[in-house]
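Shown next, in structure tokens, is the structure this report addresses.
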Amino acid sequence: MPDTTSSELPELPKLPELPDAARDGRMSYAIFQLARAHRGHAAAMLRALNLHPGQELLLMQLFDRDGQTQAELLERAGLDHSTVSKSLRRMQEAGLLTREPAAHDRRVMVVSLTDAGRALREPIADMWRALEKISVRDLTHDQVEMFTACAHTIEKSVRDHSRQASAG
């Protein structure tokens with residue numbers, strides 16, 4: 001990160017040309033472009049670990065608390081059911097985890113890491129550190145903090161709206 005204080009902000013880059021239909025949604029278009037570029041770079045980094053995007057999110061949840069139910073992973077990772085089911089099946093076939101019926105209810109599947117899955121903890125942490133370093137390269141510490149806070153606020157607004165729309 002450059003050694004720049006908040007009062008000496010770096011010159012902002014020239015913004016890309018927006019499609020006419022996105023003129024009244026500049027921020028949303030920027031978020032889309034950012035997410036696409038970030039996800040694309042992350043996907044390339046994950047391929048080097050023989051993982052597909054989203055699988056690392058499930059593994060990170062299991063690193064923090066192994067032996068979760070499939071429903072708990074769905075909730076904690078914030079992914080949809082079909083994505084999680086497909087990812088878990090692929091990861092089980094790759095020998096990264098096991099899925100076994102819970103003792104209390106045979107319909108509930110408990111997901112646990114194998115030794116091969118646990119061995120990915122540091123490579124995944126290294127990948128996220130590298131992606132972070134690339135992402136914040138031209139930002140000050142204050143800009144990173146502000147962006148992170150704004151991103152969480154925007155995410156909450158979108159999630160709240162989605163909940164209200166599906167409830168009403």
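A few remarks follow.
- Placing Phe32, Phe63 in order of accessible area, with the largest value first and a 1.4 Å probe, yields Phe32, Phe63.
- The chain - percent of accessible surface contributed by carbon and sulfur, probe 1.4 Å: 56 percent
- In the context of the full set of protein chains, residues of the chain present 71 Å² of accessible surface per residue (probe radius 1.4 Å, heavy atoms only).
- To the nearest ten degrees, helix 121-136 and the longest principal axis of the Cα atoms of the chain are 10 degrees apart.
- Rounded tilt (10° steps) of 81-93 against the dominant C-alpha axis of the chain: 60 degrees
- DSSP loop GluC sites (Glu not before Pro) with at most 10 other Cβ within 10 Å: longest gap in the chain: 18-168
- J(HN,Hα) series, region 51-59, from Karplus relation 6.51 cos²θ - 1.76 cosθ + 1.60, nearest Hz, glycine and proline x: 10, 9, x, x, 5, 5, 5, 5, 4
- Contact order normalised by residue count of the chain, Cα under 8 Å, 6+ apart, percent: 26 percent
- Rg to Rh quotient for the chain, alpha carbon positions, Kirkwood Rh: 1.04
- Restricting the calculation to Cα atoms, region 108-168 shows an Rg/Rh of 1.18 when the hydrodynamic-style radius is the Kirkwood one.
- Overall form of region 58-99 per C-alpha gyration tensor (a/c, 1.5; a/b vs b/c): oblate
- Take His152: with every protein chain present and a 1.4 Å probe, its accessible area is about 110 Å².
- Percentage, to the nearest whole number, of Cα pairs in region 51-132 over 16 Å apart: 48 percent
- C-alpha long axis of helix 26-47 to longest principal axis of the chain, angle in °: 50 degrees
- Nearest-10 value in Å² for the accessible area of Ser135, using the 1.4 Å probe: 50 Å²
- Exposed loop sites, defined as trypsin sites (Lys or Arg not before Pro) outside DSSP H, G, I, E and B with at most 11 other Cβ atoms within 10 Å, are absent from the longest region of the chain, namely 15-64.
- Nearest-10 value in Å² for the accessible area of Asp64, using the 1.4 Å probe: 110 Å²
The values are calculated or read from the model by the stated rules, or taken from the named source; none is laboratory data. Keep in mind it's a predicted model, so treat the numbers as computed, not measured. Cβ atoms come from the backbone with ideal geometry, glycine included; neighbour counts cover every protein chain shown. With ligands, DNA and RNA removed, areas are computed over all heavy atoms of the protein, side chains included. Shrake-Rupley method; radii C 1.70, N 1.55, O 1.52, S 1.80 Å.
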